[in-house]
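Just so it is clear, none of the values below were taken in a lab; they were calculated from the coordinates. It should be emphasised that the depicted structure is a prediction, and the values quoted were computed from it without experimental measurement. Counting neighbours? That spans all protein chains shown, and the Cβs are built from the backbone with ideal geometry, glycine included.
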Amino acid sequence: MKRFFAGLCLAAMMAAPALAQNLPVGTGMKMKLETPISTERSRPGDLFHGRVTEPVRVDGRTIIPVGTAIQGRVMHLSEPRRIAGTPEIVLRPDRLTLPNGNEYAFSATIVDTDKASKTTVNDEGKIHGPGRSGHDNAELIGGAGGGTVIGALAGGAKGGLIGGAVGVTVAAAHWMTKRHTATLPAGSEITLELSRPMSLTAVDAGE
């Protein structure tokens, strides 16, 4: 009789639908990037991969464990000249694979990156690299000063004025043709937030 009731209980458990755990918009995830990304070498459409570094919990239960794989695509890259602004990287995480192999499509936005990458993230989820800096200004001024010295040595005060003008032109041309880059090396910590609700079953999520 005991075996009979045990069999009934087991059958009922197997027939019962798995309990779903809903993750609302704004749920955060922390990921360590496994694929290096840069405005210089990456291309729109490239895949990137990462791993969850902190568990996502609901009511004390781990829904997304450490080691969960995250995949996405590079959507946009911008590498403007120094005078035109800051470089941009736009990433779209779109697939999550739990350690048990179950996959889920999801939608998330990048909200933060680690300081070591020297990048920032705006309200639209765009990752920005460093823009014009004091070093850039010093390089431009240094080029102009060098031209003045060369001109003075060659032709006195008048030559100094001419040399200064040439120096400014050459330095400015060199300065404007160089581009700022943004780089996210492998190992970079990236924080995501769900932009759409996501539902995972408790069976998949585990304890």
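Quick notes on this structure:
- Computed magnitude of the charge dipole of the stretch 61-111 (debye, nearest 20; Cβ of K, R +1, Cβ of D, E -1): 80
- Maximal additional length on extending the residue 95-residue 59 stretch stands at 10.6 nm, based on 0.36 nm per residue less the C-alpha distance.
- Note on residue 112 and residue 43: the model spin-label points, each 7 Å out from Cα along the C-beta direction, lie 3.5 nm apart.
- Shape of the stretch 66-107, Cα gyration tensor, a/c cut at 1.5: prolate
- Each Cα pair under 8 Å and six or more residues apart adds its sequence gap; the mean of these over the residue count of the stretch 47-112 is a relative contact order of 26 percent.
- The stretch 17-125: C-alpha gyration tensor shape, a/c 1.5 cut-off, then a/b vs b/c: prolate
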